[in-house]
Amino acid sequence: MNKKRLLKLLEIFRRNSDMDHRLGLNEIVSLLEEEGIAVANRKTLYDDIREISESVGEIEYENGYYLDEAPFSLSEIKIIVDSLNSLKNLDEKFLDDLKEKLYSFISEYDTDFLEELEYQNRHSDKKFLNRLEDSLYAIRNRRMLFIRRKGKNEEEIAPIFLYRQNDYYYLYYHYPEKDKIYHTRFDNMVSSRLSDREDGLSIPKSRIIDHIRESSNAFYSGKTKTVVAEIMEDSESIRNRLQDDFPNIVFTRNGFSLKASINDAFFSRLTSYGNQIKIGDREIADQYISFLNQIITRNSPERRSS
C-alpha cells in the first residue's frame, strides 16, 4: 500500500468529485499523474478506492466515482462562512485560513459556487444597509423618502413600516400621486435618499392591513400549492411586478415558482399579466381558464342585457 498515493487520491476525490461531478478511471489516472504519481496497474486503483471507502469515506460509483464523505452539507458550510464573515474583529488571514479548511470538505465546484455567492453578498451588503437605514430613519422621523426601483424612475414616497417574510425585507409605503399603499422588496430597490419634506400623513392601520391581505396574504390563506409558470415575454419590468405582487416568488431561468392558495384572489392578480404568463400545472391551468370563462360570461352583452 502506497500511503502517498492514497493521500493524493483522497485529496483528488475531495476536490474534484461530488454527486454532480463524477470521475472516470482515466480522469483519476491523469489527475494522479499531474501530481507526479504514475499508475502502472489499474487494479491498484481499485484496491486504493476500496481502502479509502473502508477507512475514510464511502466512494460511490454510478457512471463514475465520487466521494460521499460529507461531514458538512453545503448549507451548513454556507451558514458557518456567513457567520465568520459577520465577525468584524477577526484577522483577515486567520479568516481566510478558516474558510480554506472548511472548503476542504467540499468539491472545488461547490467552493467556487459559495465564493461567488459570498462576493455577491459583500458587494451588495453596504447598499442594502444604506437603503435600510434611510427607510428606518424616514419611518421614525415621519420623513418622505426618494426611492428608485429597478426599471423605474425615482419616486417620492412616505414609508410606513418594514416587513420581513421568507428571508426578505419589504418596505410598505404610501404613494401620494395615486393615494395608494404599495410594497416593494428591498433588493428590488436600486437607490434611496431622504427627502426634506415631512410625510404629513396619518394612515389608519386598517388600510395597511387591507393592503397586505389584498396584495399577499390572500394568496397564502388556507391550503397552498406550488405553482410553476413560464414567462412568455420575459423582461425586467415583468419580474419586478411579479416580485411586488407575490412576495414568496422564486424565479427560474424561464419563469418562476411560488406557493399560493388557488382561489379567485390569486387568479384575479394573474389576469393583469394577460398572455405573458403560462401556468405549467394542467389542473391549475384548467381552473384559471374556468375563472376567465366566468369573467367573460359575467361581462358578455347577453348577460348584461338580461
Those residues of the stretch 114-127 which are over 15 Å from the mean Cα position of the chain (by Cα) and at pLDDT 75 or above amount to 115
Among residues of the stretch 272-291 being charged (D, E, K, R) and farther than 17 Å from residue 245 by Cα, the residue surrounded by the fewest Cβ atoms within 10 Å (Cβ to Cβ) is 282
Scanning the stretch 9-24 for residues that are exposed (fewer than 14 other Cβ atoms within 10 Å of the Cβ) and among the acidic types (Asp, Glu), the one modelled with the highest pLDDT turns out to be 11
Per the filter on the stretch 82-109, residues surrounded by 11 or more Cβ atoms within 10 Å (Cβ to Cβ) and modelled with pLDDT under 80 are 82, 84, 85, 90, 104, 105, 106, 107, 108, 109
Of the listed residues (153, 254, 188), the one being at pLDDT 80 or above and surrounded by 13 or more Cβ atoms within 10 Å (Cβ to Cβ) is 188
Over the stretch 133-150, the set of residues closer than 17 Å to residue 247 by Cβ and at pLDDT below 85 is 150
Of the candidates 27, 33, 51, the one satisfying the condition of being in a helix (DSSP H, G or I), surrounded by 11 or more Cβ atoms within 10 Å (Cβ to Cβ) and modelled with pLDDT under 80 is 51
Restricting the stretch 63-81 to residues that are loosely packed, with under 11 Cβ neighbours inside 10 Å and in a loop (DSSP other than H, G, I, E, B), the one modelled with the highest pLDDT turns out to be 63
Out of (1) surrounded by 17 or more Cβ atoms within 10 Å (Cβ to Cβ); (2) at pLDDT below 85, the one residue 231 does not meet is (2)
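The values are calculated or read from the model by the stated rules, or taken from the named source; none is laboratory data. Computed from a prediction, not measured in an experiment: that's the story for all the values here. Neighbour counts are summed over all protein chains in view; Cβ atoms, including those assigned to glycine, are modelled from backbone coordinates with ideal geometry.
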